[in-house]
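This is the structure, below, for whatever I ask next.
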Amino acid sequence: MSIEDSMGRPLRDLRISITDRCNFRCTYCMPREKFGAEHAFLAKQEILSYEEMTTVVESLLPLGLKKVRITGGEPLLRKDLSVFVAMLRGLDSELDIALTTNGVLLERHASTLFEAGLNRVTVSIDAVNVEMFQSITDSKNTPKEVFTGIEKAQQCGLGVKVNCVVKSGVNEQEIIPLVQACSQRKIAVRFIEFMDVGTTNNWNLESVVTGEEMRQQIMNHFGNLKKSPAQHPSDVARMWSLEDGTEIGFIESVSNPFCGNCTRARLSAHGSIYTCLFSESGVDIRSILRFGATSVEVAKLIQEIWTKRKDRYSEIRGEADTERKPVEMSFIGG
Ligand code: SF4
């Protein structure tokens, strides 16, 4: 059985933010001036336990859930993550379990996560140049640490992809070096158009480098790019390949939205369901979880939320009310 929203889109993917904390302060997601020392992160008791998150996943499997993506903040900051992965794997041997991380802690955790049942990781890295990397992440870490984590993940048998957010006037000159770095490691790299997520990244259209512009830059350097067929209609990245087989993807939420096939729900660390990355509010399910609701009762509530869903923000971005206050991306995990 699968449940569909008001536009006929099934709930197939659940993104779970397991923490709102991060060891980076990326300027387009968690700028330090807004997420500094005085920022009130969620208190321990406000955050769902792994058992509670597992109950939510258990409730959605009979409704057609196929994929869980573990995100944050930075999910590798939360203790015993492999215990949670093992809980999810225990629910369904076919469930596709993925993790999005900034990669700095990946070398330390890759093997335990793989043994616990994790299938693959998506690593966010926006520059190969050290200074550029440190200025975007507002950290003292280096791309070398991230690539060491990526190599460890590959050695363990985890599938690996790389994501890079491109912002005009900031890191478009990193596109070519990132394609080279990923091609050498036989990893697909996906370039993401800078998005107006949350309320803290001072987004404007001029700072967007479109997928088309990125492809032109890549073709000018590497030669022809060939479009690849989509593996699944709800895939966010449109994939292309170079003559040598290097896979390059583009996530074009601004210039070429993909809301029509969006099958993603999001669960925040404090236990609310969000039906869109650009939602202004979520629906609390923590209360019923803490009142001991069964997975059937949780499923009933999420079914009510999903069947009413009509989100398609990226398609109506230009017409949307400019006073909107969408939830922060770091709070619901991108
Ligand atoms: S804008 Fe919302 S509805 Fe559209 S693809 Fe993104 S998350 Fe899905």
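How many nm separate the modelled label positions at Lys310 and Leu205, each set 7 Å beyond the Cα in the direction of the Cβ?
2.5
Put one equal scatterer on each alpha carbon of the range 37-78, apply the Debye formula with no solvent term, and list log10 I(q)/I(0) at q = 0.24, 0.31, 0.32 1/Å to two decimals.
Relative scattering, expressed as log10 I(q)/I(0), comes to -0.98, -1.19, -1.20.
I need the calculated FRET efficiency for the pair Lys325 and Asp244, taking r as the beta carbon distance and R₀ as 45 Å, to the nearest 0.05.
Rounded to the nearest 0.05, the efficiency is 0.50.
Then there's this: Under the rule of -39500 (n - 2.57) per DSSP H run of 4 or more residues, summed and divided by the residues of the chain, what mean residue ellipticity at 222 nm is obtained, to the nearest 500 deg cm²/dmol? Write down the numbers at each step before the final one.
Working: 11 runs with 103 residues, N = 334.
So the helix-based figure for the chain works out to -9000 deg cm²/dmol.
Ok, one more. Given charges of +1 on the Cβ of Lys and Arg and -1 on the Cβ of Asp and Glu, with all other atoms neutral, how large is the dipole of the range 8-144 about its Cα centre, in debye to the nearest 20?
Values: 18 positive and 18 negative charges, 43 e Å.
The dipole of the range 8-144 has a size of about 200 debye.
At 0.36 nm per residue, and after removing the present C-alpha to C-alpha distance, how many nm does the segment from Glu131 to Glu33 gain when stretched out fully? Please report the intermediate quantities before stating the final value.
Working: separation 98, 0.36 × 98 = 35.28 nm, distance 1.97 nm.
Result: 33.3 nm gained on full extension.
Got a number for carbon plus sulfur as a percent of the chain's accessible area, 1.4 Å probe? Before the final figure, lay out the partial values.
Details: 7540 of 14670 Å².
After summing per-atom areas, the C and S share lands at 51 percent.
Out of the range 85-115, which GluC sites (Glu not before Pro) are coil in DSSP terms and have no more than 10 other C-beta atoms within 10 Å? Before the final figure, lay out the partial values.
Working: sites: Glu94, Glu107, Glu115; in loops: Glu94.
Filter output for the range 85-115: Glu94.
Please figure out what share of the DSSP beta bridges in the chain is antiparallel and state it in percent, rounded to the nearest 5.
Rounded to the nearest five, the antiparallel share is 30 percent.
Just subtract the alpha-carbon distance of Ser287 and Val83 from 0.36 nm times their residue separation and send over the number in nm, one decimal.
On the way: separation 204, 0.36 × 204 = 73.44 nm, distance 2.36 nm.
Between Ser287 and Val83, full extension yields an extra 71.1 nm.
Where does helix 143-156 land angle-wise versus the long Cα axis of the chain, in degrees 0 to 90, nearest 10?
60
Let me ask you something else. Rank by packing, highest mean first: peptides 192-199, 127-134, 43-50, 10-17, with packing defined as the count of other Cβ atoms within 10 Å averaged across residues.
On the way: 192-199: 20.9, 127-134: 16.5, 43-50: 13.6, 10-17: 22.4.
Result, highest mean Cβ count within 10 Å first: 10-17, 192-199, 127-134, 43-50.
Express the accessible area of the chain per residue in Å², computed with a 1.4 Å probe while the remaining protein chains stay in the model.
Working: 14670 Å² over 334 residues.
That works out to 44 Å² per residue.
Given R₀ = 30 Å, FRET efficiency for Met7-Thr294 by Cβ-Cβ distance, to 0.05?
Numbers: r = 29 Å, r/R0 = 0.97.
Result of the calculation: an efficiency of 0.55.
For labels at Gln45 and Glu280 in the simple 7 Å Cα→Cβ model, what's the distance in nm?
3.1
Which FRET efficiency value, to the nearest 0.05, do you get for Gln303 and Asn141 by plugging their Cβ-Cβ distance into 1/(1 + (r/R0)^6) with R0 = 51 Å? Intermediate results must be reported in sequence, preceding the final value.
On the way: r = 42 Å, r/R0 = 0.82.
It comes to 0.75.
While we're looking at this one, here's another question. Can you give the charge dipole size of the range 13-332 about its Cα centre, rounded to the nearest 20 debye, using +1 on the beta carbon of Lys and Arg and -1 on the beta carbon of Asp and Glu? Could the numbers behind the result be given before it?
Numbers: 38 positive and 42 negative charges, 101 e Å.
Charge dipole, the range 13-332, about its Cα centre: 480 debye, nearest 20.
Still on this structure, I have one more. So between Lys186 and Arg108, what do we pick up on full extension, going 0.36 nm a residue minus the alpha carbon distance?
Numbers: separation 78, 0.36 × 78 = 28.08 nm, distance 2.17 nm.
My answer for the length gained is 25.9 nm.
Kirkwood hydrodynamic radius, computed over distinct alpha-carbon pairs, for the chain: how many Å, to one decimal? Provide the component values of the computation, followed by the final result.
Values: mean 1/r = 0.0493 Å⁻¹.
So the Kirkwood estimate lands at 20.3 Å.
Apply the Karplus parameterisation 6.51 cos²θ - 1.76 cosθ + 1.60, with θ equal to phi minus 60°, to every residue of the range 69-85 and state each ³J(HN,Hα) to the nearest whole Hz, in sequence, with x for glycine and proline.
For the range 69-85, the Karplus curve yields 10, 8, 9, x, x, 10, x, 6, 6, 7, 5, 6, 4, 5, 5, 5, 4 Hz.
Hey, another quick one. Starting from the Cα of His232, step 7 Å along the direction of its Cβ; do the same at Leu61; then give the gap between the two resulting points in nm.
1.6
Another question, then. Projecting each Cα onto the charge dipole of the range 13-332 (Lys/Arg +1, Asp/Glu -1 at the beta carbon, about the Cα centre), which of Trp306, Ile251, Gln217 comes out farthest on the positive side?
Trp306
Could you state the number of Å between the C-alpha centres of the range 1-24 and the range 150-192?
24
Moving on. About its Cα centre, how strong a charge dipole does the range 276-334 have in debye, to the nearest 20, once Lys and Arg get +1 and Asp and Glu get -1 at the Cβ? Walk me through the intermediate numbers first.
Values: 10 positive and 10 negative charges, 41 e Å.
Dipole of the range 276-334, to the nearest 20 debye: 200 debye.
The values are calculated or read from the model by the stated rules, or taken from the named source; none is laboratory data. Quick caveat: nothing in here was measured; it's all calculated off a predicted structure. Methodologically, a virtual Cβ is constructed for each residue, glycine included, from the backbone with ideal geometry; neighbour enumeration extends over all protein chains shown. The protein model used for the area step is the full one, side chains on, heavy atoms only, and it has no ligands, DNA or RNA in it. Shrake-Rupley method; radii C 1.70, N 1.55, O 1.52, S 1.80 Å.
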